[in-house]
Structure formats: C-alpha cells, structure tokens
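Values quoted throughout were computed directly from the atomic coordinates according to the rules given, and no laboratory measurement underlies them. As the structure is a prediction and not an experimental result, all values here were calculated from the model. Don't worry about glycine lacking a Cβ; one is built from the backbone with ideal geometry, like all the others, and counts go over all protein chains shown.
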Amino acid sequence: MSMHAAKQFTKNLSKIYKEQIRTLSSLPKLKRTEAQCIISCKHSHLNHYANMEYHNLDAIGLASKGWNHSKSKGDSFTINPVHANYEEEMIPFNQLNIDSNLIKALSKRNIKGATTYQANAFPLITQDKHLMFAAETGCGKTISYLVPIIQQLIGTKVEEMNTPRALILVPNRELAYQVGEMAETLAEAVDLKVKVIVGGRTKRIMMNPEFDQIHILVGTPGALGKLSTVGVYRLNHVLYTVFDEADTLVDDSFVDRIGSLYKKVPQSKIILVSATLPKSLPDCLKPLEPHLQQLTSPKLHKPPLNITQKFMRMTRSAKPSNLLQIAKNNKHPMLIFTNRNETCNWLAMFLRENGVPCSNINGDMKYAIRVEQWNSFIKGETQILSATDVGSRGLDTTQVTHVLNYDFPLYAADYLHRIGRIGRLGSTRSCKATNFISGPEEVRLVQQIELAVRKDQPLTNVDGNITNIVQKKIQKGMRQVV
C-alpha cells in the first residue's frame with residue numbers, strides 16, 4: 001500500500017469512527033434514575049441496573065472480580081431487593097375447591113390464600129404420577145402437599161391401628177415437629193389424626209408401643225425405619241409418601257434408610273419436595289424417574305431478589321470485630337451461620353462474653369440442649385442464634401430479619417438454603433443477609449452469585465448432595481497424592 005493510500009485509509013477510518021460516535025450520542029441514554037440499581041458497589045461504573053442486558057460475548061465486569069487479591073480487603077457490594085418481581089396476588093382457597101373446614105384452619109394460621117405455585121400443585125396430588133415439587137425456599141411448599149393430601153383423606157376410615165394413610169419423611173427432628181404441628185392444625189379441622197415420630201426414644205416405643213388410629217405419620221427416616229421394621233407401624237396401606245427436603249434425604253448420608261423405607265411403600269404415590277433440585281436420584285429411587293412429574297418454580301436456584309444481600313471482603317482476623325459491631329447494633333431476630341460445630345460454639349461464647357445474649361445449635365449437641373437453645377431463640381429470650389447448616393433446612397423462621405454468614409458457605413445449595421431463612425412467605429419485607437468473604441473458594445462462589453444476578457439466570461452449580469461432593473474432593477486429592 002502506497003503512502004497516499006495509507007493516509008486515505010486512515011482518514012476514512014477516522015471518519016467512520018466519528019460517525020459512529022455521533023450515532024451513539026444521538027441514541028437515548030439510560031437514565032439511572034429510571035432503572036433501579038440492583039447491584040451497587042464502590043466503583044459506580046460496575047453498578048448493575050434493572051434494564052441492563054448482557055450478550056453472550058460481552059465481558060461482564062464484576063464488583064468481586066479482583067477479590068482474590070490482598071488489596072481487595074475492605075471492598076464490598078450489595079444486591080438490592082426488587083420487591084415488584086416477588087409480589088403476587090394470592091388466589092382465594094374457595095376458588096380452588098378446598099374444603100371449608102381446611103380454609104378456616106388455614107385462616108387461623110393467617111394463611112388467607114394460595115400462591116400461584118401452590119394452586120398449580122394442589123390438583124397434581126390427585127393424578128397418577130409421582131411428583132417432584134421444586135421451588136425456592138420459603139414459598140410455602142409444605143402447604144402445597146399438606147392441603148391436597150389431607151383433603152383427599154377426608155372421610156377415610158382406618159380399620160387397623162398404627163396403619164397410616166400418608167407418610168411424611170423429614171431429615172431432622174425440628175422439622176418433623178414443625179411439619180407435624182401444621183399437619184395437626186389442618187387434620188384436626190377435618191377429624192383426621194397425626195402422629196410425629198423422631199429418634200431418641202425408639203427403644204422405649206418398641207418396649208411399650210402405643211396403638212391408635214393414624215391418618216398421617218410424620219417422622220425422621222431412622223426412627224420410622226426401625227419402628228416399621230419391628231412392626232410397630234405398618235406401611236402397607238400408605239397412599240402418599242412425602243420426602244420433604246428431598247435434596248437432603250437423597251444425600252449419600254441418608255440413602256440407605258430412604259431406600260429401605262421406599263421398598264415398604266410400593267403401593268404409594270411418592271412426592272419429592274425440595275428447595276434445590278437433586279442433580280440425580282440415588283439408585284434405590286431410579287424406578288421413579290420415568291413416572292416423575294416435575295412442578296418447578298421459575299425462581300428455582302436463582303439468588304433471591306426480595307432481600308438485601310451485602311458481601312464484605314475482609315481478612316479472617318477482621319471477622320470477630322465486624323461480627324461484634326453488627327451483633328451489638330442488632331435489635332431484631334438474627335441467624336448467624338458457621339461452617340463448623342466448633343466455630344458455632346465459639347461464636348456464641350464470644351458474643352456472650354461481650355455482653356450479647358446468644359443461643360446456638362449444631363449437630364454435635366444433644367437433642368434436648370438443641371431444643372432448649374432453639375426455643376430460647378424462638379420465644380425471643382435471645383435475639384441471636386448461632387447455627388451450622390442444621391439450622392438452614394426447612395425450619396420456619398419467619399420472625400428472623402437478618403442472616404449473617406460469618407463463615408461463607410462453599411456450596412451454592414447451602415447459600416440458597418441459608419438466606420432462605422429470611423424473606424419467606426409471611427415474613428416482613430425488610431430482610432437482609434450479610435456475608436463475610438475471606439477465602440478463594442468463597443470468592444469463587446460470590447462471583448457465581450453476582451454473575452447469576454447480573455444475567456438473571458439460575459446458579460448452575462447447585463447440588464444438594466454435599467456428602468457426595470466432599471467425598472469426590474477427597475478422592476480427587478488422594479489420586480493427586482498418589
């Protein structure tokens with residue numbers, strides 16, 4: 001190319017560039033006041049607004065991008081609530097052909113109508129297929145299966161003692177009593193009987209069993225497995241079997257007990273209920289898959305946008321002082337999550353020593369102590385509960401307004417369950433989650449959460465089978481050593 005041609009090419013290119021600039025400047029600019037700021041951070045050019053879209057080839061700037069660098073300590077960003085996307089009109093129960101006595105019982109619990117998800121779930125119970133109810137935590141999934149099952153059982157006669165018509169399996173005792181309480185409220189209104197069975201006294205029950213007419217049996221897999229094996233409870237007439245918190249129940253730590261119980265109810269309609277969709281069913285439940293109908297919420301696996309979520313990058317040594325500052329200013333029920341039992345105990349003791357009353361629950365505690373601590377928090381005797389993930393699954397915590405992840409979870413499923421303790425159906429609107437971020441694995445999950453919010457997409461790495469994930473990591477580490 002000659003010198004003249006090169007100059008002409010440069011001149012033409014400059015002309016085209018200027019023309020593009022003029023065109024872009026003539027386009028209507030996005031006024032930030034016209035769109036809500038969903039992600040706000042210290043560097044305003046990285047803020048994300050409600051009407052911003054990203055194409056697949058776009059390089060998306062993240063507020064947390066440089067958080068693996070030591071100089072990022074002290075940085076933070078906030079995901080702001082978008083209540084408009086979460087508000088929906090409730091459907092009156094009388095439009096859904098719900099028994100009038102059940103409607104009265106629900107009204108006494110301040111449940112005036114059904115969500116769209118619940119209304120879609122009710123008629124599925126009467127169909128032939130097995131079911132998977134998967135929806136974000138706190139949206140009322142318990143009502144989704146309890147109301148139609150109880151309605152189907154109205155007028156059912158139980159000829160033999162201890163032969164329930166519905167079986168509800170849950171992973172822990174606290175959830176068993178919680179589900180049992182709701183079931184009893186509804187069942188009593190239509191002359192049905194509910195029984196709750198949990199571990200800790202199975203030997204006593206075996207030695208001196210009680211016999212009664214039971215329509216609905218609620219319990220944990222271990223206790224129900226033992227008592228059904230020795231014949232205290234007979235499951236051959238069960239019409240509905242619910243696996244509540246199914247992602248936990250199909251975890252490798254439960255699978256043997258679940259498989260044994262599943263074999264005892266071949267005549268039963270199986271209903272899996274979960275806030276996170278299991279990636280796969282264990283071998284013992286594989287026969288269900290061809291006959292499994294799913295009802296999935298459009299918000300499933302998405303970080304919720306009905307609560308404020310603040311992410312704070314800090315060193316591990318800065319966490320206690322930040323914790324104490326937040327705890328001393330706290331005036332409402334707050335849940336603080338840690339990853340280890342030892343940290344849970346230390347945190348509660350640390351707050352008490354600094355004049356902040358605190359209850360605590362974790363898997364290492366004796367059940368009686370755990371119940372005592374939980375009740376102390378629920379009754380308002382303490383405003384703060386320190387907990388491991390034993391407190392993140394299924395429990396009704398509508399009174400809680402603040403979740404603090406002192407230890408940020410390493411898995412997406414745990415994050416969704418933890419912050420699902422707030423912003424629940426029936427909760428106040430002003431709920432918030434505060435997250436302390438320290439390690440590289442924590443940063444990795446934060447970046448996945450931030451990206452999912454910016455793209456309005458579900459998290460792609462949600463797997464409730466944490467036991468299996470941990471075992472695979474251990475095996476991978478052993479192979480690398482070898």
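Some points to look at:
- Sparse-neighbour loop sites [trypsin sites (Lys or Arg not before Pro); region 114-212; at most 16 other C-beta within 10 Å; DSSP]: K129, K157, K193, R201
- Two-site label geometry, K263 and D456: point separation in nm, points 7 Å out along Cα→Cβ: 4.9
- Qualifying trypsin sites (Lys or Arg not before Pro) in region 245-284, where qualification requires a DSSP coil assignment and no more than 16 other C-beta atoms within 10 Å, comprise K279.
- Estimated distance in nm for a label pair at M161 and K286, the labels positioned 7 Å out from Cα along Cα-to-Cβ: 4.2
- Rounded FRET efficiency, nearest 0.05, which uses the C-beta distance separating T296 from V230 and R0 of 30 Å: 0.20
- Gyration tensor verdict on region 219-324 (Cα atoms; rounded if a/c is under 1.5, prolate if a/b is larger than b/c, oblate otherwise): prolate
- Across region 91-296, Cα pairs under 8 Å and at least six residues apart give a relative contact order of 27 percent.
- Here the extension length gained between A59 and M206 equals 46.6 nm, from 0.36 nm per residue of separation less the Cα-Cα distance.
- Longest exposed-site-free window of the chain, the sites being chymotrypsin sites (Phe, Trp or Tyr not before Pro) in a DSSP loop that have at most 14 other C-beta atoms within 10 Å: 212-482
- Global geometry of region 98-164, whether rounded, prolate or oblate, following the gyration tensor of its Cα atoms and the 1.5 cut on a/c: oblate
- Cα shape, region 284-430, gyration tensor, a/c 1.5 rule: prolate
- Of the GluC sites (Glu not before Pro) found in region 332-399, those in coil by DSSP whose Cβ has at most 14 other Cβ atoms within 10 Å are E381.
- The angle separating the long axis of helix 319-329 from the principal Cα axis of greatest extent in the chain is about 70 degrees.
- Once the Cα gyration tensor of region 122-245 is diagonalised, semi-axes √(5λ) in Å: 23, 17, 13
- Value of D in µm² per second that Stokes-Einstein yields for region 58-137, Kirkwood Rh from Cα pairs, at 20 °C (1.002 mPa s): 124
- Taking a straight Cα-Cα cut-off under 19 Å and skipping sequence neighbours fewer than 8 places away in the same chain, the aspartates and glutamates within cross-link reach of K279 are E136, D244, E245, D247, D251, D252, D256, E289, D414, D463.
- Structure note, pairs K141/K331; K195/K263; K299/K455; K129/K286; K141/K299: Cα-Cα distances above 24 angstrom occur for K141/K331.
- Ranking of C358, C37, C344 by count of other Cβ atoms within 10 Å, fewest first: C37, C358, C344
- Dipole moment magnitude, nearest 20 debye, the chain about Cα centre, only Lys, Arg, Asp, Glu C-beta charged: 1660
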